[in-house]
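Data first, discussion second: the structure below is written as structure tokens.
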Amino acid sequence: TSSANGKQAVTVLGLGNMGSALAAALLDRDHEVTVWNRTPGKAQPLVDRGARLAATPQEAAASNQLIIACVLDYDALFGVLDPFAASLAGKTLVNLTSGSPEQGHEAAAWAEKHGVDYLDGGIMTTPPGVGTPEVMFLYSGSPAVFATHRPTLEALGDPIHLGEDPGLASLYDSALLGLMWATFNGWLHGTAVVGAEKIEAKAYTEVALRWLKTVSVFMDTYAAQIDAGEYPGDDATVDVQIATIDHLLHAAEARGVDNALPELLKASMLRAKAQGHGQDSYASVIEALRKPGG
Ligand code: FVH
């Protein structure tokens, strides 16, 4: 469905914080947008900007070929779509609801059963970042469906197609969120340690952000080692890191800061050492993660 301006008309199901941001970004790029939300009052700001509010999800879905869904979880998604699934044949569903890779597979199978083209997606930002070209929107599923709708999906952020397996977007999304939480907690732990000396978070973070750039270079080096399955200990060995983390444990304990995170990190280093990686690079810790009981 194209509007007079040639832009694809889009239906957005779910107008929570994220769904509202998605619809707003599409309106910003002059797409015609039909919206539906379980609680219709949330649509008002979008209606004020020209969106059309449908009375039911079925009416919203019937309005356009492309349907973007962003609700709380997959139970909510199927709860919305199942009652009129038979009428969706020939439509494209881009599901930006967060889920597991297995749920991505389940939704793709559901879509195939009902003759619906399906892309699974992962949004790598919070609502204020939606619509900016710097943020990544991860997609997986049919490359042809992605290519067809890419110009519209560009309104939301930088669309990245990870592959045909529909579970890939959720797989990457989960892994990347794990990276985010681990980074947050490492940063917060350090902020608490230096904060005990009355150093402000802003001052510490300025140095920490520069350190993260160096760490990202280490990650690049270690990724190549992981792919090769070889961990030359020619920069800093696991043995050296085990000795070094004790300084952090000591500094935190002396300042009354919780040490659960560095204890966990040290435990994974010790497991890698026990598996014979003491003289290997830090990347070899992945072997301990791959063999939790080993
Ligand atoms: N907010 C964020 O920063 C993150 C960024 C990454 C992706 N997530 C995922 O996006 C999904 C929606 O998250 P949200 O932030 O929009 O969440 P809420 O503001 O709480 O809105 C939830 C919407 O879901 C609707 N909903 C909930 N249950 C049902 C149901 N049983 N039937 C129909 N709709 C349902 C809810 O409707 P209402 O409460 O307004 O009536 C909202 O539209 C989520 O997967 C994040 O993980 C966001």
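The values are calculated or read from the model by the stated rules, or taken from the named source; none is laboratory data. What you see is a predicted model, and the numbers here were worked out from it, not measured in a lab. Virtual Cβ from ideal backbone geometry, glycine too; neighbours counted across all protein chains shown.
Of note:
- Boolean, Tyr231 is surrounded by 15 or more Cβ atoms within 10 Å (Cβ to Cβ), of a type outside the set (Asp, Glu) and within 16 Å of the ligand (Cβ to nearest atom): no
- Test for Thr152: is it within 14 Å of the ligand (Cβ to nearest atom) and polar (S, T, N, Q): no
- Total residues in region 136-167 satisfying the condition of being closer than 21 Å to Ser100 by Cα, in a loop (DSSP other than H, G, I, E, B) and among the hydrophobic types (A, V, I, L, M, F, W, C): the figure is 1.
- Checking Thr34, Thr56 one by one, the residue that is within 13 Å of the ligand (Cβ to nearest atom), more than 25 Å from the chain's Cα centre (by Cα) and in contact (Cβ under 8 Å) with a residue 12 or more places away in the chain is Thr56 and no other.
- Per-region count, region 11-25, residues more than 6 Å from the ligand (Cβ to nearest atom) and either assigned to a helix (DSSP H, G or I) or without any contact (Cβ under 8 Å) to a residue 60 or more places away in the chain (or both): 8
- Looking only at residues in region 109-129 that are in contact with an Asp or Glu (Cβ under 9 Å, 6 or more places away or on another chain) and in a strand (DSSP E or B), the one that is nearest to the ligand (Cβ to nearest atom) is Ile123.
- For region 86-101, a residue qualifies if it is more than 15 Å from the ligand (Cβ to nearest atom) and in a helix (DSSP H, G or I), and the qualifying residues are Ala86, Ser87, Leu88.
- Residue within region 38-56 that is among the basic types (Lys, Arg), buried (at least 16 other Cβ atoms within 10 Å of the Cβ) and part of a helix (DSSP H, G or I) present: yes
- Put simply, of Asp82, Asp73, Asp30 the only residue that is touching a Lys or Arg at 6+ places or on another chain (Cβ under 8 Å) and acidic (Asp, Glu) is Asp30.
- Flag: Ala223 does not match the condition of being surrounded by 11 or more Cβ atoms within 10 Å (Cβ to Cβ), more than 25 Å from Ser284 (Cα to Cα) and assigned by TED's automatic domain parsing to the domain that holds Ala283.
- Among the residues making up region 37-50, those that are more than 14 Å from the ligand (Cβ to nearest atom) and either modelled with pLDDT under 95 or not charged (D, E, K, R) (or both) are Val47, Gly50.
- Failed item in (1) more than 10 Å from the ligand (Cβ to nearest atom); (2) part of a helix (DSSP H, G or I); (3) over 18 Å from Ser174 (Cβ atoms), with Ala76 passing the rest: (1)
- Any hit, region 71-90, residues being buried (at least 22 other Cβ atoms within 10 Å of the Cβ), in the same structural domain as Val116 (by TED's automatic domain parsing) and small (Gly, Ala, Ser): no
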